[in-house]
Amino acid sequence: MAVVFFLLAVMAAMGQEPHRCAACHIETVTDFQTHRHAKAGLDCGICHGASEKHRTSVGAVPPDQVAAPAEVSKLCGNCHLAEKQQYEASAHGRVYTNGKKVKTANCNTCHGHHAMRPWAAQVENCQRCHTTLPASCKATPAAVNSRVACMSCHARHTLAVSSR
């Protein structure tokens, strides 16, 4: 909780607010307003920095921060330390921590960039690389309201097969 208050104070000091970005990035800001981070009072500056030069250059200068795929877990891990540690210990995370130049899943793959990724899109993302699935992944759900999905068997953030 102290981290959230600290971050809110930092953002207030930076003067960064989503409506300042909306002039050029209306769709992105609209998407972000549906995100848990926006609902918690966070704004664009938390991930992109104050980006004063970007805003005054009418887009000719990139924002202060744009995380490359290999940097996403470090950025998210500033607030989500336990999840970062779990992810970096996973097979996906080790790709980046070992310095490999291969694209793999990161926080945004499941959670989305500016808006939370819908459940069906998360499953589709897994299937982009994991095209061959075991029979258990295609099984009929055990209950009427449940569904078979990657997270039915794989632990969050580590993606290890869990014993549920």
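The values are calculated or read from the model by the stated rules, or taken from the named source; none is laboratory data. Bear in mind the structure is a predicted one, so any value in this text is a computation, not a measurement. No Cβ is skipped: glycine too gets one built from the backbone with ideal geometry, and neighbour counts run over all protein chains shown.
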Checklist entry - Only one residue in 53, 103 is closer than 28 Å to residue 128 by Cα and either charged (D, E, K, R) or at pLDDT 90 or above (or both), so which one is that? => result 103
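State all residues of the stretch 84-120 that are of a type in the set (A, V, I, L, M) and closer than 16 Å to residue 68 by Cα; if no residue qualifies, say none. Spell out the reasoning first.
Taking the stretch 84-120 first, the residues of a type in the set (A, V, I, L, M) are 89, 91, 95, 102, 105, 115-116, 120.
Across the stretch 84-120, the qualifying residues are 95, 102, 105.
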Item to check | Any hit, the stretch 51-62, residues being surrounded by 13 or more Cβ atoms within 10 Å (Cβ to Cβ), free of Cβ contacts under 8 Å to residues at least 40 places away in the same chain and closer than 20 Å to residue 106 by Cα | outcome: no
Item to check | Checking residue 153 against (1) out of contact with any Lys or Arg (no Cβ under 9 Å at 6 or more places or on another chain); (2) at pLDDT 75 or above, the condition it does not meet | outcome: (1)
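Collect the residues in the stretch 108-150 that are surrounded by 14 or more Cβ atoms within 10 Å (Cβ to Cβ), modelled with pLDDT under 75 and under 23 Å from the mean Cα position of the chain (by Cα), keeping them in residue-number order.
We begin by selecting, within the stretch 108-150, every residue surrounded by 14 or more Cβ atoms within 10 Å (Cβ to Cβ); these are 108-117, 122-123, 125-126, 137, 148-150.
Filter once more, keeping what is modelled with pLDDT under 75: 137, 148-149.
Result: 148, 149.
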Checklist entry - Do any helices (runs of 4 or more DSSP H) lying entirely in the stretch 36-82 carry at least 3 residues that are within 28 Å of residue 118 (Cα to Cα), and which ones are they? => result 36-39, 45-48, 72-77
Item to check | Test set (1) farther than 26 Å from residue 20 by Cβ; (2) among the hydrophobic types (A, V, I, L, M, F, W, C); (3) buried (at least 17 other Cβ atoms within 10 Å of the Cβ) - residue 67 fails condition number | outcome: (1)
Checklist entry - Out of the residues in the stretch 15-30 that are in a helix (DSSP H, G or I) and at pLDDT below 90, which is surrounded by the most Cβ atoms within 10 Å (Cβ to Cβ)? => result 21
Next on the checklist: What's the total number of residues in the stretch 90-115 that are outside any loop (DSSP other than H, G, I, E, B) and either free of Cβ contacts under 8 Å to residues at least 60 places away in the same chain or not assigned by TED's automatic domain parsing to the domain that holds residue 126 (or both)?
Outcome noted: 10
